[in-house]
Amino acid sequence: MIDTDNDKRIVLTLDAGGTNFVFSALQGNKEIAGPMTLPSNADNLDKCLHTIIHGFEFLEKEINRKPDAISFAFPGPADYDQGIIGDLPNFEAFKGGVPMGPMLEQKFKVPVFINNDGNLYAYGEALSGILPDVNKKLKDAGSILQHRNLVGVTLGTGFGCGIVLNQELIVGDNSCGAEIHNTLNKYNPNWNAEESVSTRAIQRIYAERAGLEFNPGLMPKDIYNIAKRKVAGNYEAAQEAFYVYGENLGSSIANVVTLVDGLVAIGGGIIAAANLFAPAMFKELNRQLEDLMGKKNNRLSFKVFDIDNPLTFDSYAKGKVVDLKVPGYDKKVKYDSMPRIGVGFTKLGASKATSLGAYAYALQKMT
């Protein structure tokens, strides 16, 4: 694996959102220029492409040399290997496919790598964020548990995800390796999960419970302030909006970790309201299901811990370790009989984790 902390190559990165672009230049896993934020101009292709070029030109001037590569996160659908961005719901100007990678390679004369924002967020957390941090804490606590796999979940306007297995980013045959937004919606089978795990979901539930018309101008932060009684509004409806959000989030994460069995890192702007939605999320993750005869079993084959809670971290680290005698031999082996994973919130911030993921992805592709 590449030692990103000591690599001398410089990579220009971009975290592309539907509202803003965040540009940085990284060397040795550290920002040496930026971050610089510019409006994305997502509804105008010419302006959007001009903004991207301008942002990278600015970084190139700041580092005063030609970079070794450009690597950035862009929402899908896309053919990331060829650098072609497809039709994007949050970028209305992108219709029919835009070969952005080849355009930037012609302009800057360096390799250009593009990947999904959820993928690169997860890659950053797996290599430089929550995964190595948690593993160190587990080791320091004397635990025999060490995580190798990670699910990165991003919460914002929409619902994103990335999966890293044994430090390898899972992209998929169609660049659709972790489309969590298309998992089943817990409340309405005719919707995908994003309809209940998104900005519009919080707005919709609040309006429904408060008996109001849907208001796209009332943002999650506003509804959060109502729920915390900081501003006037329907307190119960605001609380319910985040509870339902957390319940649906927990259901989708449960579907993913059922297959992946790894640590979960959650990032994005909505995590500022984690104290309102996280209890419902953890309740859903650890709840029981019934079989045909009414017998209850845990939904997941392992227990899910809140790794940010110091009151439960000790139990998470210790597990249930016993010494088992090897039959017929004077030897014992340690056995941890508590399968478990942890769920935690990013300490890096989603944008920085995404930039670190883009940096590592470029270095890996250039080897």
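Laid out as a table, the results:
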item: Residue that is farthest from the chain's Cα centre (by Cα), among those in region 283-297 that are assigned to a loop (DSSP other than H, G, I, E, B) and among the charged types (D, E, K, R); result: K295
item: Yes/no for G17 being farther than 22 Å from Q364 by Cβ, in contact (Cβ under 8 Å) with a residue 12 or more places away in the chain and small (G, A, S); result: yes
item: Residue satisfying condition, being touching a residue at least 24 places away in the same chain (Cβ under 8 Å) and exposed (fewer than 14 other Cβ atoms within 10 Å of the Cβ), within set A126, A122, A178, A141; result: A141
item: Filter result (assigned to a helix (DSSP H, G or I) and out of contact with any Phe, Trp or Tyr (no Cβ under 9 Å at 6 or more places or on another chain)) within region 223-245; result: N225, Y235, E236, Q239
item: Options G250, G233; residue that is in the same structural domain as E179 (by TED's automatic domain parsing), closer than 15 Å to H181 by Cα and not hydroxyl-bearing (S, T, Y); result: G250
item: Among the candidates G86, G96, residue that is without any contact (Cβ under 8 Å) to a residue 60 or more places away in the chain, surrounded by fewer than 19 Cβ atoms within 10 Å (Cβ to Cβ) and closer than 19 Å to N116 by Cβ; result: G86
item: Test: residue in region 57-71 that is closer than 26 Å to L155 by Cα and not β-branched (V, I, T); result: yes
item: Tally, over region 99-119, of residues that are surrounded by fewer than 16 Cβ atoms within 10 Å (Cβ to Cβ) and either closer than 18 Å to G319 by Cα or polar (S, T, N, Q) (or both); result: 1
item: Subset of region 313-348 [surrounded by 15 or more Cβ atoms within 10 Å (Cβ to Cβ) and within 22 Å of A272 (Cβ to Cβ)]; result: G342, V343, G344, F345, T346, L348
item: Residue list for region 252-272, restricted to those being part of a helix (DSSP H, G or I), surrounded by fewer than 23 Cβ atoms within 10 Å (Cβ to Cβ) and touching a residue at least 40 places away in the same chain (Cβ under 8 Å); result: A254, N255, V256, V257, T258, V260, G269, I271, A272
item: Test set (1) touching a helix residue (DSSP H, G or I) at 6+ places or on another chain (Cβ under 9 Å); (2) surrounded by fewer than 22 Cβ atoms within 10 Å (Cβ to Cβ); (3) of a type outside the set (S, T, Y) - G17 fails condition number; result: (2)
item: Index of the failed condition, I205 passing every other in (1) in contact with a helix residue (DSSP H, G or I) (Cβ under 6 Å, 6 or more places away or on another chain); (2) modelled with pLDDT under 95; result: (2)
item: Some residue of region 286-302 being over 30 Å from L169 (Cα atoms), exposed (fewer than 14 other Cβ atoms within 10 Å of the Cβ), in contact (Cβ under 8 Å) with a residue 24 or more places away in the chain and not hydroxyl-bearing (S, T, Y); result: no
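The values are calculated or read from the model by the stated rules, or taken from the named source; none is laboratory data. In this text, all values refer to a predicted model and were calculated from it rather than measured experimentally. FYI the Cβ positions are ideal-geometry reconstructions off the backbone, even for glycines, and counts take in every protein chain you see.
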